[in-house]
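Bear in mind these aren't lab numbers, they're just calculated from the coordinates by the rules spelled out. The shown structure was predicted, so the numbers you read here are calculated from the model rather than taken from an experiment. Here the Cβ is made from the backbone with ideal geometry for all residues, glycine too, and neighbour counts use every protein chain on show.
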Amino acid sequence: MKKILITLIAPIALFFGSCGGHSTEEESTENLKEIKVPVSGDSLSIMVPNTLQGSVEITEQAWGATEIKIGTQFQVSIEPNEGDIALQKSDIEGNDIYKFQRYITDEPTLLCWESKIPDMEQSNFHFYMIHKIGKNSYVVKDIDSGEAYSENDVKIMIDAAKRLKDKSAEAPNS
C-alpha cells in the first residue's frame, strides 16, 4: 500500500513543484531594477540590484563618460571608448599608490584586481571592462573616488556592467 501511495504522490508533487515557477531569466532579473543611462547621445540601460542602499545619481561628464552612483559601494563610469586591456594592465601594475596584489579576473575584455596602499590593512578591488553593443564599444569601470570597494562590491558592479544594453535598439517601429 505504501509503495502505491508513494508512486502516486511523487509524480503529483513533481507536477505541482514545476508549475507556477519562474524561468531562469525571470529569476535572474527579479531583484534588479533598470536604470536608463545617457552616454554621449546613446540611450543605454543598466540593471542594478534593488538591495543597493542610497539614491541613484547619474552625472554626464564633459569628456563623454556617464557616472552612476548608488551610495558608496556602487560607483560605475561608462564611456564610449574602444578600451585597451594591455595599457590598463600596465597602469595597474605600475601604480605607485595602489600596489597591485593579484588579478581575480584576467580576460580579453575584463580585468578585476586587488590592490593595496602600502602600510594599510584593507585591500581595494577594482574592475575595467570593455563592453561591445552592436558596433559601439564602451569602457565600464569603477569610479576611483577614494572609496574602498570590497570584492563583492566589484562583483555586483561587474554583473551590472555585463547587463548594459542599448535601449534605442529596442524602440518599437512606428
Rounded if a/c under 1.5, otherwise prolate or oblate - the range 32-80, Cα gyration tensor axes: oblate
Under 12 Å from the Ala148 label point (7 Å along Cα→beta-carbon), backbone N, the range 106-138: 115-125
Residues Tyr98, Tyr128, sorted so that the one with the fewest Cβ neighbours within 10 Å comes first: Tyr98, Tyr128
Cβ-based exposure ranking for Met129, Met47, Met157, Met120, in which fewest neighbours within 10 Å come first: Met120, Met47, Met129, Met157
Unit charges on C-beta of K, R, D, E only; dipole of the range 31-169, Debye: 600
Distance in nm between pseudo-label sites at Glu107 and Thr51 (7 Å out along the Cβ direction from Cα): 2.1
Net charge of neighbours whose Cβ lies under 13 Å from the Cβ of Asp144, counting Lys and Arg as +1 and Asp and Glu as -1: -2
Which of Met129, Ser115, Gln101, positive extreme of dipole for the range 92-138 (C-beta unit charges): Met129
